[in-house]
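Chemist: Structure provided below as structure tokens; questions to follow.
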């Protein structure tokens with residue numbers, strides 16, 4: 001079972017890497033959105049630094065929403081979703097593999113580039129550190145929750161902005177604690193409490209999301 | 001499990017889409033070694049019926065039984081015993097021929113190694129395209145590739161949607177031979193086709209769309 005899971009993840013990643021636009025677009029989107037803010041708010045250093053955590057987190061959230069909607073779309077079109085549903089392996093595990101692959105190819109690049117954006121917004125080293133940690137713990141939650149939405153969308157054609165509208169409210173806790181982590185770091189307060197809560201959010205979504213996504217997929221193909 | 005005792009029964013199946021009935025009062029019984037051809041015009045519900053038989057769709061009415069027990073009550077067990085190849089073949093465009101077989105075999109719990117995959121590629125005459133992405137294959141080559149799943153899977157029930165589409169005469173011969181072997185070994189097959197495929201004498205037919213055409 002483990003070897004099948006590894007095979008699925010490896011092939012998923014390989015497919016994404018072969019279509020550079022699919023993982024590069026969210027990264028570019030992330031960078032461009034963040035770069036818009038100094039232009040919109042003016043070159044006021046203290047203002048940018050204050051708004052920085054919120055800016056980066058919102059941009060990351062939007063970039064992930066941009067990619068997660070397609071998590072099952074191509075699979076459904078190619079008929080591969082039927083293969084996943086009919087596989088003797090538990091659907092929950094296969095869905096989990098897809099979410100891991102999504103995180104590795106679409107979220108990890110955002111995290112890797114985020115220190116550069118932090119630098120643009122005049123982050124201190126402590127803030128950079130908090131930014132990376134909060135994204136490491138927070139983005140898996142965004143992928144996991146987004147997958148439920150993406151699965152719900154497969155029965156619909158032309159869902160447009162329905163996915164963001166549906167999923168964004170669920171992102172609120174991650175946003176609050178993600179930004180809170182960096183804010184605390186900038187005021188030289190301990191960030192462990194924030195990180196613990198984000199870790200808890202991650203474990204909670206890890207426990208429920210693959211299961212719910214699987215259920216949503218079964219409902220989605222049944223129409 | 002003894003394949004000889006397998007049965008598949010459809011009892012009073014009905015399905016409608018957007019308030020338009022696709023079919024109703026469908027009855028059929030299949031024993032081991034028998035094949036069912038579902039025939040009908042485009043849009044008559046052949047693919048829908050096959051998806052229902054694969055347990056991917058639920059009928060509005062009626063029961064499908066596998067070995068005397070409703071498939072809804074034993075979905076996981078039932079789905080492990082069938083091989084469904086739908087209209088969309090499930091082949092991933094951005095994977096090579098070799099990788100597609102690797103992935104599908106892993107997902108069907110019959111993971112193949114490189115040598116076994118090469119043997120299969122020779123059988124379906126795609127060895128020279130081993131490292132070509134499926135994106136660049138022709139419709140017939142894609143169809144051959146999707147049919148490889150019948151070679152490494154020991155599922156007793158095959159559900160194939162238009163398996164002969166786009167196949168050349170060699171390919172059709174290959175498919176017919178595969179089906180004959182499968183049926184002789186006590187397997188069962190349900191096919192949706194436009195044209196009559198002569199595979200076996202133990203053949204049943206369902207014509208869809210007759211009453212609504």
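Chemist: In the P(r) worked out for region A:2-221, what percent of Cα pairs fall beyond 24 Å?
Modeler: Result: 43 percent of Cα pairs exceed 24 Å.
Chemist: Rounded to the nearest 10 degrees, what's the angle between the helix A:108-120 long axis and the longest principal axis of chain A, both from Cα atoms, 0 to 90?
Modeler: Between helix and principal axis, roughly 20 degrees.
Chemist: Another question, if that's okay. Which of A:63, A:196, A:185 moves the most in a Gaussian network model of chain A with Cα springs under 10 Å?
Modeler: Among A:63, A:196, A:185, the largest mean-square fluctuation in the Gaussian network model of chain A belongs to A:196.
Chemist: Could you work out how far helix A:192-221 tilts from the main Cα principal axis of chain A, as a 0 to 90 degree angle to the nearest 10?
Modeler: Between the helix axis and the principal axis of chain A, the angle is about 30 degrees.
Chemist: Could I ask something else about it? If you bin the C-alpha pair distances of region A:66-145 every 10 Å from 0, what whole percents do you get?
Modeler: Values per bin, smallest distances first: 16, 38, 25, 14, 7, 0.
Chemist: For region B:67-190, compute the orientation-averaged projected area of the C-alpha convex hull (one quarter of its surface), in nm². Don't skip to the answer; put the middle values down first.
Modeler: Working: hull surface 30.9 nm².
Averaged projected hull area, Cα only: 7.7 nm².
Chemist: If you don't mind, there's one more thing I want to ask. I want to check the label-to-label distance for residue A:113 and residue A:203. Put each point 7 Å from Cα in the C-beta direction and report it in nm to one decimal.
Modeler: Here the answer is 3.3 nm between the modelled labels.
Chemist: Can I get the semi-axes of region B:90-154's equivalent ellipsoid? Compute them from the C-alpha gyration tensor as square roots of 5 times the eigenvalues, in angstrom, largest first. If you can, show how the numbers build up before the last one.
Modeler: Details: eigenvalues 54, 29, 24 Å².
One finds semi-axes of 16, 12, 11 Å for region B:90-154.
Chemist: Where is the GNM fluctuation largest for chain B (alpha-carbon springs, 10 angstrom cutoff): B:96, B:177, B:198?
Modeler: The residue with the greatest mean-square fluctuation here is B:198.
Chemist: For chain B, what ratio Rg/Rh do Cα atoms give with a Kirkwood hydrodynamic radius?
Modeler: Working: Rg = 17.2 Å, Rh = 17.8 Å.
With Rg and the Kirkwood Rh in hand, the quotient comes to 0.97.
Chemist: Pairwise over distinct Cα atoms, reciprocal of the mean inverse distance: report the Kirkwood radius of region A:1-83 in Å, one decimal place. Don't skip to the end; give the middle numbers.
Modeler: Working: mean 1/r = 0.0654 Å⁻¹.
It works out to 15.3 Å.
Chemist: Determine the shielding of peptide B:76-88 by partner chains: average, over its residues, the number of Cβ atoms on other chains within 10 angstrom of each Cβ. Don't skip to the answer; put the middle values down first.
Modeler: Values: counts 3, 1, 1, 4, 3, 1, 1, 1, 5, 3, 6, 2, 7.
The mean count of partner-chain Cβ atoms within 10 Å per residue comes to 3.
Chemist: Taking the number of other C-beta atoms within 10 Å as the exposure measure, put A:82, A:44 in order starting with the fewest. Show your work: numbers first, answer last.
Modeler: Numbers: A:82 22, A:44 11.
Lowest to highest Cβ neighbour count: A:44, A:82.
Chemist: Turning to a different aspect of this structure: Please find, in a Gaussian network model of chain B (springs between Cα atoms separated by less than 10 Å), the residue of B:95, B:160, B:49 whose mean-square fluctuation is greatest.
Modeler: B:95
Chemist: What is the angle, in °, between the Cα long axis of helix B:97-107 and the longest principal axis of the Cα atoms in chain B? Nearest 10 is fine, range 0 to 90.
Modeler: Taking the Cα atoms of chain B, the angle to B:97-107 is about 50 degrees.
Chemist: Turning to a different aspect of this structure: Evaluate the distance, in nm, between pseudo-label points positioned 7 Å from the Cα of residue B:27 and of residue A:2 along their respective Cα→Cβ axes.
Modeler: My value for the distance between the label points is 5.3 nm.
Chemist: Another question, then. Report D for the protein assembly as shown in µm² per second (integer): Stokes-Einstein, Kirkwood Rh on Cα pairs, 4 °C, 1.567 mPa s.
Modeler: Details: Rh = 23.9 Å.
Taking Rh from Cα pairs, D becomes 54 µm²/s.
Where a number appears in this text, it was derived from the coordinates with a stated rule and is not lab data. None of the values given here were measured: they were computed from a predicted structure. Positions of Cβ are generated from backbone atoms using ideal geometry, with glycine treated the same way; all protein chains shown enter the neighbour counts.
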